[in-house]
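Derivation of every value follows stated rules applied to the coordinates shown; laboratory data play no part. Note that the coordinates shown come from a computational prediction; the quantities given were computed from them, not determined experimentally. When we count neighbours, we look across all protein chains shown, and the Cβ atoms used for this are built from the backbone with ideal geometry, even at glycine.
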Amino acid sequence: MKKSALFVLSVVCGLWSIVISSCNNSTKSDKKFFRYNQSSGIASLDPAFSKDQSTIWACNQLYNSLVALDDNLNTTAAIAKTWEISEDGKTYTFHLRNNVAFHNNECFAGGKGRSVVAADVVYSFKRIVDPKVASPGAWIFNNSIDTTTTFTALNDSTFQLKLRKPFRPMLGILSMQYCSVVPHEAIEKYGADFRSHPVGTGPFMFKNWKEGMALILVKNENYFENDADSKALPYLDGIKISFIDNKKTEYLSFKQHELDFINSIDASFIDEVLGDDGNLKPELNDKINLLKTPYLNTEYLGFLTNDNAKNEVHPLLNKKIRQAINYGFDRKEMLRYLRKGVGKPAESGFTPFGLPSFDADKVKGYSYDLPKAKQLLKEAGHENGKDLPQIKFYTNETYKEYALYISKQLEQLGLNIKVEISQPSILREWMSQGKVDFFRGSWLADYPDAENYFAVFYSKNGSPPNYTRFRNKQFDELYEKALIENDDNKRYEIYHEMEKIIIEECPVVPLYYDEVLRFSQKNILGLTANGLNVLNLKKVKIQ
């Protein structure tokens, strides 16, 4: 097995030499290139199709949006230097920097990138919602923008966005890669091939892409941002992205210093790297870096809470049984044994830690309490599981061990849980159609606002995202109230009340709040992370 892995590595190195030689003088030995691997491949470099992590990471190097998010998920300036929101929360006015230019490219006269103007923002946003483009990101505007005025360039340096109704999370949405600003000249020249001929304003420029082998990006010498000492960004000379599709081989490549960074680690090597506390083993502290940060992803179990979806009665419609399941297993022990302590037990509701509104002191969720679980079953009329039928729990192969762990612990209550393993695509279809009563799910934030999580339970939303068919009038009223509240502190108070309703009615069993694990070589400086796990390399240095 080891010989096989080394052979693959030698082949990869050979491929690198081919790619590097094709980049002329841009990758000389004295250049500082950051190397990472994308095991899932990259489908496109067009930000209109940045629906998965691999595309988002690459696009984040190539493009900018009006605004960005810092490591604490605060909104910061990008192409827009300042902005105002009207009192009614429906009009956003952005004032653009005057020193942002598109990358040099053949699509421009003389090959020189021109300055970005407000009309480029209008063009880029209209492109996202254009049915002919068929961007998977169209949803970010389709239900919120004012369809009469939509996007407007008031002049070259002022862009205005009008909403149909107030929607406080809009700034976070505008930081998404879908909202990257692109030049119409490049779209007109390359058409569908823009996916492999990207032209943006980001800290790095496209150089070469051998699909399935390697992608080379080089430093944008005309990038508009500086660091705190007024030094031009980025520091790196470029980025090299490989496409080793085997996670074991990826780790071996990192171990042999062929990669500067890996995101997460193959399960077969986790004991080699992490201690039982989820931290780096002491003997590795002087060899590699480990960066851990909250990841806005909640893993959970869901219940079908509305029998109209299946036109039949099942025991999980009883709230007390759902509550008993929430109390009936040990989340902390589960994380220790199955995740080496990576992540946090979800004992404060559905929205994860890492969000600005998260407050474990104000929101108390479920923790392991076997006597309480047994009492709730008794109150439900099913002491020790009496007269309860077998309950089927649906999951996929990846989460089989979690399902078996939970089902085993719930046997202490007298519950008979049968784990059913399904293909992920089939299970999602069944969840959407309301064909499963009890299932595993996960919710990863698109933008850093708890609204993104509460939308999962808003009764006017279909499935997805409301897989549980949850309906609660008070919750809906609070959800709608929060959307128009511009004061963050007041909105967070509303969020806490919404969370308490979810905890009481328990349409879900929150399992754990995820964490980002980033491993890097010791000579890599300035690598950070945020809760959305976006890769930002403009301030990274190689010693």
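Counting only alpha carbon atoms, the long axis of helix 424-433 and the longest principal axis of the chain meet at about 60°. Packing here is the average count of other Cβ atoms within 10 Å per residue, and on that basis the peptides 299-305, 527-533, 225-231, 388-394, highest first, run 299-305, 527-533, 388-394, 225-231.
Which value, in Å³ per residue, describes the convex hull spanned by the Cα atoms of region 295-516? Don't jump to the answer; show the numbers that get you there.
Working: hull volume 25.9 nm³, N = 222.
Cα convex hull per residue, to the nearest whole number: 117 Å³.
Pairs of Lys residues in region 64-201, spaced 8 or more positions apart or belonging to different chains, with C-alpha separations under 24 angstrom: 13 in total.
Against the chain, whose longest principal axis is taken from its Cα atoms, helix 488-505 shows a tilt of about 40°. By the gyration tensor of its Cα atoms, with a ≥ b ≥ c the square roots of the eigenvalues, what is the shape of region 49-111: rounded for a/c under 1.5, prolate for a/b over b/c, or oblate? It comes out oblate by the Cα gyration axes. Near the amide H of M205, within less than 5 Å, lie the amide hydrogens of V218, K219, N220, all on another chain or at least 5 residues away, with H placed in the peptide plane.
How much net charge surrounds P203 when only other residues with a Cβ under 14 Å from its Cβ are counted (Lys, Arg +1; Asp, Glu -1)?
Details: positive: K32, K207, K219, K231, K538, K539, K541; negative: E221, E225, D227, D237.
Result for the local shell: +3.
Working note: Debye formula, equal point scatterers on the alpha-carbon atoms of region 260-333, no solvent; log10 I(q)/I(0) at q = 0.16, 0.25 Å⁻¹ is -0.78, -1.26.
What's the angle, to the nearest 10 degrees (0 to 90), between helix 2-21's Cα axis and the longest principal axis of the chain? So the inclination is approximately 30 degrees.
Two decimals is fine: what is log10 I(q)/I(0) at q = 0.10 Å⁻¹ for the chain, from a Debye sum with one equal scatterer on every Cα and no solvent? Scattering profile of the chain, log10 relative to I(0): -0.91.
Note on D369 and D30: the extension gain reaches 116.1 nm, defined as 0.36 nm multiplied by sequence separation minus the Cα-Cα distance. Normalising the average separation of contacting C-alpha pairs (under 8 angstrom, six or more residues apart) by the number of residues puts the relative contact order of region 295-516 at 36 percent.
For region 64-201, the square roots of the Cα gyration tensor eigenvalues, ordered a ≥ b ≥ c, give a/c of at least 1.5 with a/b greater than b/c, which places it in the prolate category. When the listed pairs K255/K332; K51/K500; K247/K418; K32/K231; K319/K374 are checked against a 21 Å cut-off, the alpha-carbon distance exceeds it for K255/K332; K51/K500; K247/K418. With both labels modelled 7 Å from their Cα along Cα-to-Cβ, the L404 to S425 distance reads 2.7 nm.
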